[in-house]
Amino acid sequence: MVANRNPKHKKRKMPGPLRVGIALMILGAVLVGFGSLFNRESISIYGFVVVVGGFFLYFVSYYYLDRIQKRQTRNQR
């Protein structure tokens, strides 16, 4: 049996900057893990910087795109 989905539920597409931010956070976390595993502090620090950059990119682009979307919905009224 397959459950019927609500036809009114629309999937929101994730914009590119949000995907890049998540990818940078994951990549940085992997670099931090490998740097810790192999006792390479320089790789761990670089990975931490990449994580912080991805976090910043994700949240800044999220709020910026949300603000643009709200402005467009106000103009449509």
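The values are calculated or read from the model by the stated rules, or taken from the named source; none is laboratory data. It should be emphasised that the depicted structure is a prediction, and the values quoted were computed from it without experimental measurement. Note: ideal-geometry Cβ built from the backbone for every residue, glycine included; neighbour counts use all protein chains shown.
Does I43 qualify as being surrounded by 13 or more Cβ atoms within 10 Å (Cβ to Cβ), among the aliphatic types (A, V, I, L, M) and either in a helix (DSSP H, G or I) or out of contact with any strand residue (DSSP E or B) (no Cβ under 9 Å at 6 or more places or on another chain) (or both)? The answer is yes for I43. F38 - would you say it is surrounded by 13 or more Cβ atoms within 10 Å (Cβ to Cβ), among the aromatic types (F, W, Y) and without any contact (Cβ under 8 Å) to a residue 24 or more places away in the chain? Against the criterion (surrounded by 13 or more Cβ atoms within 10 Å (Cβ to Cβ), among the aromatic types (F, W, Y) and without any contact (Cβ under 8 Å) to a residue 24 or more places away in the chain), F38 does not qualify.
Residue by residue, here is whether (1) at pLDDT 95 or above; (2) of a type in the set (A, V, I, L, M, F, W, C); (3) out of contact with any helix residue (DSSP H, G or I) (no Cβ under 8 Å at 6 or more places or on another chain); (4) on the phi > 0 side of the Ramachandran plot holds:
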| site | (1), (2), (3), (4) |
| --- | --- |
| N6 | no, no, yes, no |
| R12 | no, no, yes, no |
| P15 | no, no, no, no |
| M25 | yes, yes, no, no |
| V49 | yes, yes, no, no |
| V52 | yes, yes, no, no |
| L65 | no, yes, no, no |
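For Y58, the conditions (1) in contact with a Pro (Cβ under 8 Å, 6 or more places away or on another chain); (2) at pLDDT below 90 are fulfilled apart from (2).
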